[in-house]
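A.B. asks: One structure is given below, represented as structure tokens, and several questions about it will come after.
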Amino acid sequence: MGVMIRGIVVDINGQPLPNIRVLALHEPTGSTFARITTADGRYSFDNVRVGGPYALHISGDGLVSVEHKGLKLRTETVYEHDFTLQPAT
């Protein structure tokens, strides 16, 4: 098993958000990997390069974007990162 980043994106009521853009940026190289959340709000990046740091950017139409920086990955690990998105005002 390689390194995996996965999670679920929900709204402020805890409801899953489909079709949300999730971008993983390997900060040292600038390499990016993109995913779209599934119907149940889930995303995953499989076989991600060990190390980092990584930044995760989560965005969707009509919602406030969220960013998580400084994620460092170790071998044989699954990192769970769930996000709650607020409506844009």
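Quick note: the coordinates plus some simple rules give every number you see, no bench work behind them. Since the model is a prediction, treat every value here as computed from it, not as a measurement. Please note: Cβ atoms are built from the backbone with ideal geometry, for glycine as well, and neighbour counts cover all protein chains shown.
A.B. asks: Working from the pairwise distances between different alpha carbons, so that the mean of 1/r is found and then inverted, what is the chain's Kirkwood radius in Å? Kindly include the intermediate steps, with their values, before the conclusion.
C.D. replies: Working: mean 1/r = 0.0761 Å⁻¹.
Here the Kirkwood hydrodynamic radius works out to 13.1 Å.
A.B. asks: For a label point 7 angstrom out from the Cα of Ala88 toward its Cβ, which stretches of the range 6-40 have the backbone nitrogen within less than 18 Å?
C.D. replies: 10-12, 17-23, 37
A.B. asks: Take peptides 3-10, 59-66 and line them up by average Cβ neighbours within 10 Å, highest first, as a rough protection proxy.
C.D. replies: Values: 3-10: 19.8, 59-66: 13.8.
Result, highest mean Cβ count within 10 Å first: 3-10, 59-66.
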